Amino acid sequence: MLELQEYIKACFGVMQADELETISTFFNLTTLKKGDTFLHAGRSCQKLAFVQSGYMRISATTEDREVTQWISVKGNFVTDLSSFIFEGPARWTIQALTDCEVYIISKEKYKEIGEVVSSWPELEKLFLVRCFVILENRIYSHLSMTAEERYRFFYEHNRELFNQVPLQYIASMLGMTPETFSRIRRKELPPRQSV
């Protein structure tokens, strides 16, 4: 629970210790098995999760392919934000790529926070702004970086994913075909040292 509290503080901004404790009590620790679906596209998203351990994939299926929007790792919140806030059908399917431990808060409990934490409107606004900034940064990288630069940047900040999840998911997330991703990866990998 302490990690959740630290991440709430980092995402939602500075708050009183009692407010932090109150907010964290609205979350329940849950285990998801590899392959479990947290959310199906087309359904209303009624929960928000904090990833304590494991990897979760956010994806959508189009007419001709499957697209990975993001892979959530330890320390990330995961949801279909538009569906969670506006209550429309979810665009994304969210599935556990590994066994995961997640702290989950239901939409109903999320709404109750405002009734017991007076600073919640300001804290929630900061959280939503942080979500928007993450999205803005991803758009900027897709518009301003070459495929090689996107690969390099992502690899430098997410090395552990390269040995934990199928590489085609990372390729899709970076806006590349698996072939382009493989070509860049071969070029970027350091040569093996002879023993």
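Determine which single condition residue 143 fails, assuming it passes every other condition in (1) touching a residue at least 12 places away in the same chain (Cβ under 8 Å); (2) more than 25 Å from residue 43 (Cβ to Cβ). Tallying (1) touching a residue at least 12 places away in the same chain (Cβ under 8 Å); (2) more than 25 Å from residue 43 (Cβ to Cβ), residue 143 fails exactly one: (1).
Among the residues of segment 22-40, those that are loosely packed, with under 14 Cβ neighbours inside 10 Å and more than 25 Å from residue 164 (Cβ to Cβ) comprise 25, 28. Is one or more of the residues making up segment 153-162 among the aliphatic types (A, V, I, L, M) and either at pLDDT below 90 or touching a helix residue (DSSP H, G or I) at 6+ places or on another chain (Cβ under 8 Å) (or both)? For segment 153-162, residues among the aliphatic types (A, V, I, L, M) and either at pLDDT below 90 or touching a helix residue (DSSP H, G or I) at 6+ places or on another chain (Cβ under 8 Å) (or both): present. Any idea which residue in segment 41-77 is surrounded by the most Cβ atoms within 10 Å (Cβ to Cβ), counting only those that are of a type in the set (Lys, Arg) and not in a loop (DSSP other than H, G, I, E, B)? Filtering segment 41-77 for residues that are of a type in the set (Lys, Arg) and not in a loop (DSSP other than H, G, I, E, B), the one surrounded by the most Cβ atoms within 10 Å (Cβ to Cβ) comes out as 57.
Among the numbered conditions (1) closer than 30 Å to residue 25 by Cα; (2) surrounded by 14 or more Cβ atoms within 10 Å (Cβ to Cβ); (3) among the aromatic types (Phe, Trp, Tyr); (4) under 18 Å from the mean Cα position of the chain (by Cα), tell me where residue 120 comes up short. Checking residue 120 against (1) closer than 30 Å to residue 25 by Cα; (2) surrounded by 14 or more Cβ atoms within 10 Å (Cβ to Cβ); (3) among the aromatic types (Phe, Trp, Tyr); (4) under 18 Å from the mean Cα position of the chain (by Cα), the one that fails is (4). Within segment 135-144, the presence of a residue that is in contact with a strand residue (DSSP E or B) (Cβ under 8 Å, 6 or more places away or on another chain) and of a type outside the set (A, V, I, L, M, F, W, C) is excluded. Looking only at segment 49-67, residues that are over 20 Å from residue 98 (Cβ atoms) and either modelled with pLDDT of 95 or more or not polar (S, T, N, Q) (or both) come to 5 in all.
Scan segment 1-57 for residues that are more than 18 Å from the chain's Cα centre (by Cα) and of a type in the set (Asp, Glu) and the total you get is 3. Taken together, 38, 26 contain a single residue that is aromatic (Phe, Trp, Tyr), part of a loop (DSSP other than H, G, I, E, B) and touching a strand residue (DSSP E or B) at 6+ places or on another chain (Cβ under 7 Å), which is 26.
From the list 102, 165, the one residue that fits, being farther than 24 Å from residue 8 by Cβ, under 15 Å from the mean Cα position of the chain (by Cα) and β-branched (Val, Ile, Thr), is 165. The number of residues in segment 135-159 that are surrounded by 12 or more Cβ atoms within 10 Å (Cβ to Cβ) and β-branched (Val, Ile, Thr) comes to 0.
The values are calculated or read from the model by the stated rules, or taken from the named source; none is laboratory data. Quantities reported herein were computed from a predicted structural model and do not represent experimental measurements. A quick note on method: Cβ atoms are made from the backbone with ideal geometry, for glycine too, and the neighbour counts reach across all protein chains shown.
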